[in-house]
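Heads up: the structure comes next, in structure tokens.
The values are calculated or read from the model by the stated rules, or taken from the named source; none is laboratory data. Everything quoted here is computed from the prediction, not taken from an experiment. Ideal geometry is used to build each Cβ from the backbone, glycine not excepted, and the neighbour counts take in all protein chains shown.
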Amino acid sequence: MIQIKGLTKQYGLTTVLRGVNLHVREGEFVTLVGSNGAGKSTLLRIVATLLKPSGGEVTIGGWPLPSHAHNVRRHIGLVSHHALLYGDMTAAENLMFFARLYGIDNREEVVSTALKRVGLTARRRDAVRTFSRGMVQRLTIARATLHEPDVLLLDEPFTGLDQDASALLNRLLLREHEIGRTILLITHDLIRGISLSDRVAILNRGKIVHTVTRDDISATEFVTLYQQVVHGDHVAELPG
């Protein structure tokens, strides 16, 4: 579903991505981890068609970017640092607005179903500005999946959430995975990353330096591996 080959991104003289190779199969849940400045958000923004790469190849569902960005956008849902919701509008009004943008026909039914799925039916008539951080994230997931996208992209969705809100978001993401959505998640939470996804890729200094399958490693072992790969003095680079 997502194929990235030799991806590079430069800002002036600064190189952020240095030949990234990453492939995500249809229906696979992949988590991308790495230290601050490793290039994670830049990579996700390129996949989300918000940035143009400096070099390399990126295809989503067979469509190359950036030339077919207009086709790709109809098949992706994005949860980023910005909720992309209107605070003075109610939860239902926000989703109705995006349903119209997506060209969804049975909007009332789709919006009601989406609110029920994220547990916000009782707050459908409340302004989003009155919502907690966790509630905003739940509504953001509803917004991002309203048009039933094939690919769901998430950039640090757990930031600022308390334990209960994080647990609920876990369940929402696992549900999206169960119904066959292809998911690419960025998180600093190593334990959550390895626990939720099928596979984890470590991005370090602009390159994928290691990938591991959840079934092949425990959470504790993965944390140790991450520290060795990212902070070790002599770690051989492995293909992504």
Checklist entry - Any idea which of (1) small (Gly, Ala, Ser); (2) surrounded by 20 or more Cβ atoms within 10 Å (Cβ to Cβ); (3) over 15 Å from the mean Cα position of the chain (by Cα) is the one Ala201 doesn't satisfy? => result (3)
Checklist entry - Quick one: Lys9 ticks every box in (1) more than 17 Å from Thr213 (Cβ to Cβ); (2) basic (Lys, Arg); (3) under 18 Å from the mean Cα position of the chain (by Cα) bar one, so which box is it? => result (3)
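For residues that are among the acidic types (Asp, Glu) and either surrounded by 18 or more Cβ atoms within 10 Å (Cβ to Cβ) or under 13 Å from Ser80 (Cα atoms) (or both), tally how many sit in the range 120-149. So that I can check it myself, show each step before the final result.
In the first step, residues of the range 120-149 are kept if they are among the acidic types (Asp, Glu); the result is 126, 148.
Subsequent filtering for residues that are either surrounded by 18 or more Cβ atoms within 10 Å (Cβ to Cβ) or under 13 Å from Ser80 (Cα atoms) (or both) retains none.
The qualifying residues number 0.
Is at least one residue of the range 203-216 closer than 30 Å to Phe131 by Cβ, outside any helix (DSSP H, G or I), in contact with a His (Cβ under 9 Å, 6 or more places away or on another chain) and of a type in the set (S, T, N, Q)?
Here is the first cut: in the range 203-216, the ones closer than 30 Å to Phe131 by Cβ are none.
The answer is no, given that none of the residues of the range 203-216 is closer than 30 Å to Phe131 by Cβ, outside any helix (DSSP H, G or I), in contact with a His (Cβ under 9 Å, 6 or more places away or on another chain) and of a type in the set (S, T, N, Q).
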Checklist entry - Would you call Ile183 surrounded by 14 or more Cβ atoms within 10 Å (Cβ to Cβ), more than 24 Å from Gly134 (Cα to Cα) and not acidic (Asp, Glu)? => result no
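Would it be correct to say that Gly206 is among the small types (Gly, Ala, Ser), modelled with pLDDT of 90 or more and at positive phi? Spell out the reasoning first.
Numbers: among the small types (Gly, Ala, Ser): yes; modelled with pLDDT of 90 or more: yes; at positive phi: yes.
Yes.
When you go through Thr159, Thr220 one by one, which is the residue that is touching a residue at least 12 places away in the same chain (Cβ under 8 Å), of a type outside the set (Asp, Glu) and within 18 Å of Gly34 (Cα to Cα)?
Working: Thr220 fails: touching a residue at least 12 places away in the same chain (Cβ under 8 Å).
From the options Thr159, Thr220, the qualifying one is Thr159.
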Checklist entry - Residues in the range 153-172: is at least one modelled with pLDDT under 95 and at positive phi? => result yes
Checklist entry - Out of all the residues in the range 1-23, which are farther than 26 Å from Gly62 by Cβ and in a loop (DSSP other than H, G, I, E, B)? => result Gly12, Leu13
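Tell me the helices (runs of 4 or more DSSP H) entirely within the range 39-112 that contain at least 1 residues that are touching a residue at least 24 places away in the same chain (Cβ under 8 Å).
Values: elements: 40-47, 69-72, 91-102.
Fully inside the range 39-112 and qualifying: 40-47, 91-102.
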Next on the checklist: Just to be sure before I move on: is Ser80 small (Gly, Ala, Ser), modelled with pLDDT under 95 and loosely packed, with under 14 Cβ neighbours inside 10 Å in the structure I sent?
Outcome noted: no
Checklist entry - Out of all the residues in the range 188-198, is one or more of a type in the set (A, V, I, L, M, F, W, C) and farther than 24 Å from Gln3 by Cα? => result yes
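Scan the range 83-99 for residues that are at pLDDT 95 or above and either buried (at least 16 other Cβ atoms within 10 Å of the Cβ) or farther than 23 Å from Gly160 by Cα (or both) and jot them down. It would help to see each step written out before you state the result.
Applying the first criterion (at pLDDT 95 or above) to the range 83-99 yields 85-99.
Those that are at pLDDT 95 or above and either buried (at least 16 other Cβ atoms within 10 Å of the Cβ) or farther than 23 Å from Gly160 by Cα (or both): Leu85, Thr90, Ala91, Ala92, Glu93, Asn94, Leu95, Met96, Phe97, Phe98, Ala99.
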